[in-house]
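Participant: One structure coming up, written as structure tokens, with questions to follow.
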Amino acid sequence: MANIKFSDLPVNSAAQNLVGVYTSNGISSDVLVPNETGVVTVQVVTPTTRESITSDGSQKLVLNPSSSLTNLTIIFPASPANGQTFGFFCTQTVTTLSLSPESIINAPGFLTANSSYNWYWSSTINNWISW
């Protein structure tokens, strides 16, 4: 898990483009939500087809495969706290996407290149809700 402060990212850097901190890069600034200390935790992986990626508990999972993938599984954080956020951003197309647990609300079945999805955990309904 990497702790990244917005102010630590060089302006117009590949890191900014990858994690989507600034709207000027075409990605909404709400892609990442800093915690109370202004830190966003990010897990960056380079997945391959048919791989299962397990969240390490970071707020954002950045998927940076070398090319499009046919199948990928993302496993959400275990034992989330109420209000905990989790999302992912993918730089390439994923033809078939599986999410675990399978009951995630508004789960996409595929990804287009440079797409991003975000959820928060609701203890009230015991599920991840997209936002």
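Derivation of every value follows stated rules applied to the coordinates shown; laboratory data play no part. Only a predicted model underlies this, so the values are computations on that prediction, with no experimental measurement involved. Every residue, glycine as well, gets a Cβ built from its backbone with ideal geometry; the counts of neighbours run over all protein chains shown.
Participant: Excluding residue 43 itself, what net charge comes from residues whose Cβ is under 9 Å from its Cβ, given Lys and Arg +1 and Asp and Glu -1?
Facilitator: Here the charged neighbours net out to 0.
Participant: If you find the alpha carbon centre of the range 83-121 and of the range 45-77, how far apart are they in angstrom?
Facilitator: Rounded to whole Å, the Cα centres lie 10 Å apart.
Participant: A follow-up question, please. Quick query: amide H of residue 44 versus all other amide H atoms, modeled in the peptide plane; which residues come in under 5 Å with a sequence gap of 5 or more or a different chain?
Facilitator: Sorted by chain and number, the residues that satisfy this are 62.
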